[in-house]
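Worksheet for the structure shown next.
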Amino acid sequence: MRDGDVIDISLSELSLRSGLNSALVKYYFGNKAGLLKALLDRDWEAIVTSVDALVAKDGWAPEAKLRRHILKVVDTFYEVPYLNRLTMRVIRESDDTEARRIADCYLSPMYRAYESLIGDGVAAGVFRPTDPQLFYFTVTGAADRFFSARLVLKHCFDQDTLTETLRDRYREHTLDIIMAGILAR
């Protein structure tokens, strides 16, 4: 999924790339939908754990925490560029109970983290009041759009890979733009 910049991969392609029999997917996950759900859970659990740890860190200024978080979001989308598209697909294809579980376990904790990070910064006088919900969409959208745009890179800029150098340039650019929008000064 990462290599092809897609979220739809066939079980036969998965078997070919992994060298494993597609029956193992069915055995462990039930079907392809079960595999995608397990992948989503794996990736999001790591993210939520990391964000919770950052919010709980004592001795870090709100600005330092938010800067660290934004850099990590870009790094995460570099590693798993399909994350947002996969999340939306699994939610869209799930029943209400499963969609609510995903929201409660993964998306709502991110919103609460933004409430805390932004609220702490506003209270400290370093951030201007900012809607945490819209901030979530801004940060996620900035990372998702860039790392799902390989075809734009290829056809507009004759670049067919997202290199670490390009990721690092984008990290700094995104950090500068977002922080300039939220800082009180």
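The values are calculated or read from the model by the stated rules, or taken from the named source; none is laboratory data. The structure presented is a predicted model; accordingly, all values stated were derived computationally and were not measured. Heads up, the Cβs are rebuilt from the backbone with ideal geometry, glycines too, and the neighbour counts pull from every protein chain shown. Just the protein is used for accessible areas: all its heavy atoms, side chains included, with ligands, DNA and RNA removed. Shrake-Rupley method; radii C 1.70, N 1.55, O 1.52, S 1.80 Å.
Which shape class, rounded, prolate or oblate, goes with the stretch 75-185 when its Cα gyration tensor gives a ≥ b ≥ c as root eigenvalues, a/c under 1.5 marks rounded, and past that a/b bigger than b/c marks prolate? Judged from the Cα gyration tensor, the stretch 75-185 comes out oblate (a/c at least 1.5, b/c at or above a/b).
When a 1.4 Å probe is rolled over the protein heavy atoms, the share of accessible surface on the chain that falls to carbon and sulfur comes to 54 percent.
Using the average count of surrounding beta-carbon atoms within 10 Å as a protection proxy, the listed peptides 159-168, 172-181 rank, highest first, as 172-181, 159-168. If you sort the three axes of the alpha carbon gyration tensor as a ≥ b ≥ c, you get a/c of 1.5 or more for the stretch 111-163 and a/b above b/c, which makes it prolate. When you filter the trypsin sites (Lys or Arg not before Pro) in the stretch 1-102 for DSSP loop state and at most 16 other Cβ atoms inside 10 Å of their Cβ, you are left with ARG2, LYS57. Membrane-span-like helices of the chain, defined as complete DSSP H segments with a Cα extent of 30 Å or more along the helix axis and a mean Kyte hydropathy of at least -1.0, are identified as 32-56.
Pairs of Lys residues in the chain are counted when their Cα atoms are under 26 angstrom apart and they lie 8 or more places apart or on different chains; the count is 5.
In the Gaussian network model of the chain, springs joining C-alpha atoms below 10 Å, which of SER22, SER116, SER108 carries the largest mean-square fluctuation? Of SER22, SER116, SER108, the most mobile in the Gaussian network model is SER22.
Calculated mean residue ellipticity at 222 nm for the chain: -23500 deg cm²/dmol, from DSSP H runs with n ≥ 4 weighted as -39500 (n - 2.57), summed, divided by the residue count and rounded to 500. Just one of (i) 21.2, 66; (ii) 35.3, 93; (iii) 18.2, 58 is Rg and Dmax of the Cα atoms in Å calculated from these coordinates, so which is it? Entry (iii).
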